[in-house]
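Reviewing the structure listed below.
The values are calculated or read from the model by the stated rules, or taken from the named source; none is laboratory data. Note that the structure is predicted; figures quoted are calculated from it, not measured. Note that each Cβ is placed from the backbone with ideal geometry, even for glycine, and that neighbours are counted across all protein chains shown. For the accessible areas, the whole protein counts, side chains as well, though only heavy atoms, and no ligand, DNA or RNA atoms are used. Shrake-Rupley method; radii C 1.70, N 1.55, O 1.52, S 1.80 Å.
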Amino acid sequence: MSAGDCGDWLPPRAPGSPAIRTVEMHAGGEPLRVVVPGGLGLLEPGPELPLLSRRRHLLDSPELDAVRRLLMHEPRGHRDMYGALVVPSELSEAALGALFVHNEGASSMCGHAVLCLGRFALDYGLCQPSPSPGETAVTIHCPCGPVTAFASWDGQRSGSRVRYHSVPAFAAATDITIDVPGYGKVILDVSYGGAFYAFLSAEQLGLDVCSSKIRDLVDAASAVTEAVKAQFKVHHPLIEEMAFIYGTILTDGKDEFNDEPTSNICVFADAQVDRSPTGSGVTARIALQHHKGLIQLNQTRTFRSSSTGSLFTGKAIKETKCGEHNAVIVEVSGESFYTGTSTFTLEENDPLKYGFFLK
């Protein structure tokens, strides 16, 4: 090998350990580390395992949890890194299954990841593109259920603009009072968009979602999440594994329909901050606004991330049911971008080989 020509060379690594190959992307500034199909080697379970069983296996397996930490935590990642493991799906209509991982574990849905994976599936050859330029529909099996992404295609490669149709989204509870230690009693809503979120205006906590320090917003949102978990029990009528509060979304309070963007910040998992407007959060917030009569079907709202200024749009496109709940299918639109590729290895004698997490 000549100097400067690395080719397929890999650095020394522990015997038998996988070289984990990823594609790096982002949507709205929120990173996505995509582990390509087969990227975990022999650590992946067989193709016959249903997706929800794969999620349980990921959460229960010490070996897979170590790989999650290796990919998400420092020194290869950071406390706000986000990832997707591309796995087989038992659904015949799905181009791929996806398991979403973060600093604490595995989530049930991730909208920004779907915006990225719609492109990835086309470019990686996981589904056939439309025969003529336009959009290609890509069904992605998420733990919360199948969602359909519509990725633009110019005949050779995907474009950055992607939209998707959500699973049935619904308001779980409105105007409930929660006592938040250090902040007092607040009135908030809980809504589901593939994951359950608590929603309230930052003003109730003495903050401004657009001008307060990120640290103050994170501390307040985290306190709300823990208080809601302790004082309110969520229930999903069809998939009990989805019945957990994933995070809190602090808003600017502008819930009435308006052509101007409304800003929010999403804090989820272990005080992890979403850099994007949060796709599943947009889904849940649209469902909440529709439930309250603040928006009608096919009225498009624009949502701005208060941390990066990035924009997603959302609209309720169809009324449906989810168990006993009146629900809507929500269309979320945004842009996703590639940022590179990576190959990760570990050395056996590295005391920090599975990463570390600073709080």
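General observations
- Cα gyration tensor shape of the stretch 6-125, rounded if a/c is under 1.5, else prolate or oblate by comparing a/b with b/c: rounded
- The chain - charge dipole about Cα centre, Lys and Arg +1 at Cβ, Asp and Glu -1, debye rounded to 20: 160 debye
- Packing-based order for 230-236, 280-286, 115-121, using average beta carbon neighbours within 10 Å, highest first: 280-286, 115-121, 230-236
- Acute angle (nearest 10 degrees) that the helix 62-72 long axis makes with the longest principal axis of the chain, alpha-carbon atoms: 80 degrees
- For the stretch 167-335, the residue among Ile214, Phe312, Val328 whose Cα projects farthest onto the positive side of the dipole built from Cβ charges is Val328.
- For the chain, the longest principal axis of the alpha carbon atoms and the long axis of helix 51-60 meet at an angle near 80°.
- The modelled label-to-label distance for the pair Glu24/Ile214, using points 7 Å beyond Cα in the direction of Cβ, is 1.7 nm.
- Only protein heavy atoms count here; on that basis, with a 1.4 Å probe, Met25 has an accessible area of about 10 Å².
- Rough spin-label spacing in nm, given labels placed 7 Å along Cα→Cβ, for Glu226 and Arg161: 4.4 nm
- For the stretch 167-335, the solvent-accessible area of protein heavy atoms averages 39 Å² per residue (probe radius 1.4 Å; ligands and nucleic acids excluded).
- Cα-Cα over 27 Å, subset of Lys185/Lys213; Lys213/Lys292; Lys213/Lys315: Lys213/Lys292; Lys213/Lys315
- Fully extending the segment from Leu238 to Thr308, taken as 0.36 nm per residue of separation minus the present Cα-Cα distance, adds 21.7 nm.
- Residue with peak Gaussian network fluctuation, the chain [Cα springs, cutoff 10 Å], from Thr177, Thr248, Thr313: Thr177
- Folded to 0 to 90 degrees: helix 214-231 orientation relative to the chain principal axis, Cα: 70 degrees
- Full extension of the chain segment joining Thr300 with Ser61 gains 81.9 nm, where the gain is 0.36 nm per residue of separation less the Cα-Cα distance.
- With R₀ fixed at 35 Å, the C-beta to C-beta distance from Asp259 to Ser342 puts the FRET efficiency at about 0.30.
- For the residues Phe303, Phe356, a 1.4 Å probe over the protein chains yields an accessible-area ranking, largest first, of Phe356, Phe303.
- Viscosity 1.567 mPa s, 4 °C: Kirkwood-radius Stokes-Einstein D of the stretch 167-335 over Cα pairs, µm²/s: 83 µm²/s
- Of Leu250, Leu59, Leu85, the residue with the greatest mean-square motion in the GNM of the chain, using alpha carbon springs below 10 Å, is Leu59.
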